[in-house]
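In what follows, a single structure is set out as structure tokens and then discussed.
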Amino acid sequence: MSKPLTIELRDKTFHDRQPLQALGKINMDIKAGEFVCILGPSGCGKSTLLRLISGLDSNFDGKIVLGERIVKMPERDCGIAFQEPRLLPWLSVRENIAFGLYSESGKSSGQIDELLNLLDLKQFANAYPNQLSGGMAQRVSLARALVNLPDLLLLDEPFGSLDELTKRRLQEEAQKVLSKEKTTVLMVTHDIEEAVYMSDRILLMSKRPGQILESYAVDMPKPRERTAQNFVALQTKILKEMQDKLNLF
Amino acid sequence: MSTISAKQKIILPLIIPVILLVAWEWSVRSGLLPNTLIASPSQVVRDFFDLAISGELLVHSLVSLYRLVLGFAVGTLIGLSLGVIVGTSKFAEKLFAPTIQFLAPIPPIAWIPLLIILLGIGEASKIGLIIIASFVVVYLNTVQGIRSTDQKLVDVAHVLRKPNKELIKKVLLPSATPHIFTGMRIALGLSWILLIAAEVIASSKGLGWLIWDSRNFSRPDDLFVGIITIGILGKLSDMVLVAIEKELTKWRTVFQGK
């Protein structure tokens, strides 16, 4: 199952000591089953946007609708993989993945085995998180988000801390799983190649307060060839426009 | 980094006790310490076996342990339950915390006269005292433990729509376990102190009474047997807690000293 997502955000400001406007006006429509990537510089409010969509923070001006539901608090139809693994240190790898399930019944153990295999975690099923490397912990976190296959999956730089080879393999595997289930996905990243490789549409976000500057459709059949001419061309075009629009340096 | 050998591991902890024992034995035998007031280690050992064989020591120990374990268990249970409730709910915090915070700093000994008036000089007042003391310490540490849980982990449970029961069982309690056990160990030590104090003040059985009574009857050997038995039981009860904590927190990698 998958659901469309509509965002009509007017403003998100944190009022701690000083007011800090994290996000500005953002309108976006994500179709059911679509894979959308948000590209943007560090600190532009990408993670904040995901928090709002997941329902963890409902203190904002605007409206977010997932399927038929106006988002006010976390619901089971929306899953999220955080930027850091956020594993429970007292649960084993297997138990951490099982924690992602609504109800931990016997039926689901096959599902967990499948994910352990897919993400190459089998030998570590009974290890505790502090025995894992950073990349392994990230994979467990991904497995926890995938085990339930929600209608909308939010991914916050899920491959950020992985080595190049593992990253590529995981991007391929994740894409297989997600397109098979036709899950709607919104992924945040600062890796242009990753965005072009995985998504149907790429949105470029400005510096704080975050706004959508540009939208690129990626019309290439999946799985994509990273060295193909049009792949590299799009990658180069996005990089060029990021440099122009964000003038980071 | 230096490591200690297996031989050193056994010998090192014994050096100071052996020196102290030899000095003690020698002081009493040579007459440096009056034998009517202080018993020598050899006399204490002989008396220890006498009292152990006659069953007297066992009776006193069991009476004391009964009071300690019952009071500590009930106090810990109440402290843990209320600590979880106050730790998880702002409403409960506003309701309970101010009252407890006002009562907590009162030294438990100050309750003894009141407890004796209310509950008499029997078992109830002694057990009640231990309940109050362990409750306060375990409660404070449980609240502290729950409130030091990483918000990021709580968020994980929230986005997964875990019910409150799961949140407490899988996230808050495991995270608070090291704090809770610190509280329990302090509470257990405090319980021993208060138990002996209460037994000295008013009782006719128990290890505290054994010590006090032997003073009255000039039996310095009984006095030391009582003290040593309390030391052994105190250490054993602490070891039980440490073993349970180790089992529950085996997921942690902590610095062990070098």
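What follows is calculated from the coordinates using simple rules that are stated; it is not laboratory data. The shown structure was predicted, so the numbers you read here are calculated from the model rather than taken from an experiment. Don't worry about glycine lacking a Cβ; one is built from the backbone with ideal geometry, like all the others, and counts go over all protein chains shown.
Couple of notes before you dig in:
- Net charge dipole, the range B:119-242: roughly 580 debye, given to the nearest 20, about the Cα centre with Cβ charges of +1 for Lys and Arg and -1 for Asp and Glu.
- Two-decimal Rg/Rh across the range B:153-258, once Rg and the Kirkwood Rh are taken from alpha-carbon atoms: 1.23
- Rounded to whole Å, sorted largest first: equivalent-ellipsoid semi-axes of the range A:187-244, Cα gyration tensor: 21, 12, 9
- Top of A:ASP156, A:ASP16, A:ASP200 by mean-square fluctuation, Gaussian network on chain A, Cα under 10 Å: A:ASP16
- Here the scattering of the range A:41-165 is modelled by Debye summation over its C-alpha atoms, one equal scatterer each and no solvent; at q = 0.13, 0.14, 0.16, 0.17 Å⁻¹ the log10 of I(q)/I(0) is -0.56, -0.65, -0.82, -0.91.
- Chain B: radius of gyration and largest Cα-Cα distance (Dmax), Å: 22.7, 75
- Burial ordering of B:ILE131, B:ILE106, fewest other beta-carbon atoms within 10 Å first: B:ILE106, B:ILE131
- Distance cut-off 21 Å, percentage of C-alpha pairs in chain A lying past it: 58
- Its alpha carbons give the range A:136-249 an Rg and a Dmax of 14.5, 42 Å.
- Listed by Cβ neighbour count within 10 Å, with the fewest neighbours leading, A:SER141, B:SER61, B:SER81, B:SER203 appear as B:SER81, B:SER61, B:SER203, A:SER141.
- The helix-only estimate of mean residue ellipticity at 222 nm for chain B, built from DSSP H runs of length n ≥ 4 each weighted as -39500 (n - 2.57), is -26000 deg cm²/dmol after division by the residue total.
- Annotation: amide H of A:GLU214 within the under-5 Å range of A:LEU204, sequence separation 5 or more or interchain, hydrogens built in the peptide plane.
- Taking the Kirkwood radius as Rh and the Cα radius of gyration as Rg, the range A:123-197 has a ratio of Rg/Rh equal to 0.96.
- Note on the range A:82-149: with charges restricted to the Cβ of Lys and Arg (+1) and Asp and Glu (-1), its dipole about the Cα centre is near 40 debye.
- Rounded to the nearest 20, the size of the Cβ-charge dipole of the protein assembly as shown about its Cα centre is 260 debye, with Lys and Arg at +1 and Asp and Glu at -1.
- For A:GLY62, the residues whose modelled amide H falls within less than 5 Å of its own, excluding neighbours fewer than 5 places apart on the same chain, are A:ARG10.
- DSSP loop trypsin sites (Lys or Arg not before Pro) with at most 10 other Cβ within 10 Å excluded, longest remaining stretch of chain A: A:73-249
- Chain A, helix-only ellipticity at 222 nm - DSSP H runs n ≥ 4, -39,500 (n - 2.57), divided by all residues, nearest 500: -10000 deg cm²/dmol
- Among the GluC sites (Glu not before Pro) within the range A:143-246, those in coil by DSSP and having at most 16 neighbouring Cβ atoms inside 10 Å are A:GLU225.
- Set of lysines near A:LYS180 by C-alpha distance (under 25 Å), chain-local residues within fewer than 8 positions excluded: A:LYS3, A:LYS31, A:LYS107, A:LYS122, A:LYS167, A:LYS222
- Interchain or long-range residues, amide H under 5 Å from A:LEU23's placed H: A:LYS12, A:GLY210
- In the frame of its principal axes, the range A:82-149 has Cα extents of 29, 23, 20 Å, reported largest first.
- Panel order for A:MET73, A:MET220, by other beta carbons found within 10 Å of each beta carbon, from fewest to most: A:MET73, A:MET220.
- Tail beyond 13 Å, pair distance distribution of the range B:68-125 (Cα, percent): 71
- Listed residue (B:LEU140, B:PHE217, A:ILE202) projecting farthest to the positive dipole end of the protein assembly as shown, Cβ model: A:ILE202
- With Cα atoms as the point set, the radius of gyration and Dmax of the protein assembly as shown evaluate to 32.3, 102 Å.
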